[in-house]
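Enquirer: Take this structure first; my questions come after.
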Amino acid sequence: MKKKNSDIAELTQITREKRKVQFYLNMLLGLGASCGVMIPTEPIYTLLMELSDQEASLMQKAKDHSDYPE
């Protein structure tokens, strides 16, 4: 049961970080558009993809564990 709680906590943390990164990305894009400058966003998109992959992996693991109760 302790492992399940740590997975949920980790999933919650990843989701929180992903939302934070998305917020700052939108803020940077808006700032860049209003100032008329190009802001390199490739590292931010890469980070978002990594967080999404981790989130999907944890969700799949949780789904697999719920399909086969101990």
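The values are calculated or read from the model by the stated rules, or taken from the named source; none is laboratory data. In this text, all values refer to a predicted model and were calculated from it rather than measured experimentally. Cβ placement follows ideal geometry from the backbone for every residue including glycine, while neighbour counts extend to all protein chains displayed. Protein only, heavy atoms only, side chains kept; ligands, DNA and RNA dropped before computing areas. Shrake-Rupley method; radii C 1.70, N 1.55, O 1.52, S 1.80 Å.
Enquirer: Restricting segment 51-66 to residues that are polar (S, T, N, Q) and under 16 Å from the mean Cα position of the chain (by Cα), which is least open to solvent (accessible area, probe 1.4 Å)?
Expert: Of everything passing the filter in segment 51-66, Ser52 is least open to solvent (accessible area, probe 1.4 Å).
Enquirer: A follow-up question, please. Give me the pairs, please: first residue somewhere in segment 4-30 and touching a residue at least 12 places away in the same chain (Cβ under 8 Å) and at negative phi, second residue anywhere and open to solvent by 40 Å² or more (accessible area, probe 1.4 Å) and of a type in the set (D, E, K, R), beta-carbon distance under 8 Å, and either six or more positions apart or on two chains.
Expert: As it stands, the answer is Asp7/Lys61, since those pairs meet every condition given.
Enquirer: Identify all residues within segment 31-50 that are aliphatic (A, V, I, L, M) and outside any helix (DSSP H, G or I); write none if there are none.
Expert: If the condition is that a residue be aliphatic (A, V, I, L, M) and outside any helix (DSSP H, G or I), then Val37, Met38, Ile39 are the ones that fit.
Enquirer: Next question. In the set Gly36, Gly30, which member is open to solvent by less than 60 Å² (accessible area, probe 1.4 Å), modelled with pLDDT of 90 or more and more than 14 Å from the chain's Cα centre (by Cα)?
Expert: Gly30
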